[in-house]
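Read through the structure below, which is laid out as structure tokens, and then see the notes.
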Amino acid sequence: MPIDTSLAVGFLRIVQVRATDPVAAEVRAVELVGSEWSSSSYACENRGGAPYLTITRIGLLSWWHRFLGAPSGYMFFAEDGVLMPAHNRFSPGRR
């Protein structure tokens, strides 16, 4: 996906879901991010296929973190793993 003068090859998206077990949490998280991505402006700018989503970590949240919720938006990365300097990168649906 083009960002400024470079291409982003990956992104990080933190999500918070309710589930009865870790497998259900993974399924819900992938569904949530896939649905969110397909309706965002990023999907139109994406030069590759649909994103391949990988769960890197799951866990139980404390009551405080459940109350605050997960941060929204995407963080995009270049091929070498460097964070891309994109305006509005933390706002889903905006670029």
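Give me the percent of the accessible area of the chain that comes from carbon and sulfur atoms, probe 1.4 Å, all protein chains in place. Here carbon and sulfur together make up 57 percent of the probe-accessible area.
Placing +1 on the Cβ of every Lys and Arg and -1 on the Cβ of every Asp and Glu, with no other charges, gives the chain a dipole of roughly 280 debye about its Cα centre. Largest first, the extents of the alpha carbon coordinates of the chain on the three principal axes equal 42, 25, 25 Å.
Computed from Cα atoms, the angle from the helix 22-38 axis to the main principal axis of the chain rounds to 30 degrees.
Using a 1.4 Å probe and counting only protein heavy atoms, arrange 39, 72 so the residue with the most accessible area comes first.
Values: 39 95, 72 65 Å².
Of 39, 72, the descending order of accessible area is 39, 72.
Candidates 53, 16, 43 compared by Cα position along the dipole of the range 1-81: farthest toward the positive end lies 16, with charges placed on Cβ. Protein heavy-atom accessible surface, 1.4 Å probe, per residue over the chain: 73 Å². For the range 1-22 versus the range 43-57, the spacing of their alpha-carbon centroids is 8 Å. Accessible surface of residue 75, taken over heavy atoms with a 1.4 Å probe and every protein chain present, rounds to 50 Å².
The values are calculated or read from the model by the stated rules, or taken from the named source; none is laboratory data. Quick caveat: nothing in here was measured; it's all calculated off a predicted structure. Using ideal geometry, Cβ is built from the backbone for each residue, glycine included, and neighbour counts are taken over all protein chains shown. Only protein heavy atoms, including side chains, enter the accessible area calculation; ligands, DNA and RNA are left aside. Shrake-Rupley method; radii C 1.70, N 1.55, O 1.52, S 1.80 Å.
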